[in-house]
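This report refers to the structure that appears directly beneath it.
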Amino acid sequence: MSDRYFSLEEANRMLPFVDQELRKMQALKRDFEEKYTELRRKKNEEAGAVGKGEKDPYFFMETELEFIQIEARGLIHNFQSTGIELKDIVTGLVDFPARMDGQEVLLCWKQGEDRIRYYHGKHDGFAGRKPISD
């Protein structure tokens, strides 16, 4: 499953970092969506208004979108290089590969939870979360 396994304590200590990185990714996602919507709106309003030989009026906006995508890919890559599995940026769902009772499991955390309280099997997903016994 993974080359790295986290203890529950180690994963919980990483939550401030995880939360911070998720917030960066979420902000980039919102920024991208706003700029993309604005670009689509302008292109629809001005459809056919740009003459041949004129400069591309959308170049700057399209370039901004490309830079946001590059930045987001870098954040995601750096995040995943820690061994943590990013499941959903919007809801802030992440999994930490771990071993419990000799079994490979995923410690499951959702942004807003104060600590990791659940785990699930590799194929169970969020719906299969089980509470971690103390």
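The values are calculated or read from the model by the stated rules, or taken from the named source; none is laboratory data. Computed from a prediction, not measured in an experiment: that's the story for all the values here. FYI the Cβ positions are ideal-geometry reconstructions off the backbone, even for glycines, and counts take in every protein chain you see. When the accessible area is computed, the model is the full protein with side chains, heavy atoms only, and any ligands, DNA or RNA have been set aside. Shrake-Rupley method; radii C 1.70, N 1.55, O 1.52, S 1.80 Å.
Collect residues whose amide H, placed 1.01 Å from N in the peptide plane, falls under 5 Å from the amide H of LYS87; neighbours closer than 5 in sequence don't count. Residues meeting the amide H criterion: LEU93, VAL94, ASP95. The residues of the chain present an accessible area of 65 Å² per residue when probed at 1.4 Å with all protein chains retained. Straight-line cross-link reach from LYS110 at under 14 Å between alpha-carbon atoms covers these aspartates and glutamates, not counting any fewer than eight positions away in the same chain: ASP19, GLU21, GLU85, ASP88, ASP95. Put simply, the amide H of TYR119, placed in the peptide plane, has neighbours under 5 Å in CYS108, LYS130, ILE132, leaving out anything fewer than 5 places away on its chain. A P(r) calculated from all alpha carbon pairs of the range 8-134, with 10 Å bins opening at zero, reads 11, 34, 23, 15, 11, 5, 1 percent. Evaluating 6.51 cos²θ - 1.76 cosθ + 1.60 at θ = phi - 60° for every residue in the range 103-116, the Karplus couplings come out as 10, 7, 9, 10, 6, 10, 9, 10, 3, x, 6, 6, 6, 7 Hz, glycine and proline recorded as x.
To test your reading of the geometry: what angle, between 0 and 90 degrees and rounded to tens, separates the Cα axis of helix 8-45 from the longest principal axis of the chain? The two axes meet at around 20 degrees. For the range 58-134, carbon and sulfur atoms together expose 52% of the accessible surface, with a 1.4 angstrom probe and every protein chain in place.
Accessible area of SER81 (1.4 Å probe, protein heavy atoms only, ligands and nucleic acids ignored): about 90 Å². Per-residue Karplus couplings for the range 68-74, computed as 6.51 cos²θ - 1.76 cosθ + 1.60 with θ equal to phi - 60°, are listed in order as 5, 4, 4, 4, 5, 4, x Hz, Gly and Pro entered as x.
If ASP88, ASP3, ASP114, ASP56 are ordered by their accessible area, calculated over protein heavy atoms with a 1.4 Å probe, which sequence runs from highest to lowest? Before the final figure, lay out the partial values.
On the way: ASP88 55, ASP3 165, ASP114 110, ASP56 80 Å².
So, going from the largest accessible area down, we get ASP3, ASP114, ASP56, ASP88.
Under the simplified labelling scheme, the ASP56-ASP3 pair shows an inter-label distance of 3.7 nm, with each label point 7 Å from Cα along Cα→Cβ. Between LYS43 and ASP88, the simple label model (points 7 Å from Cα in the Cβ direction) yields a spacing of 2.9 nm.
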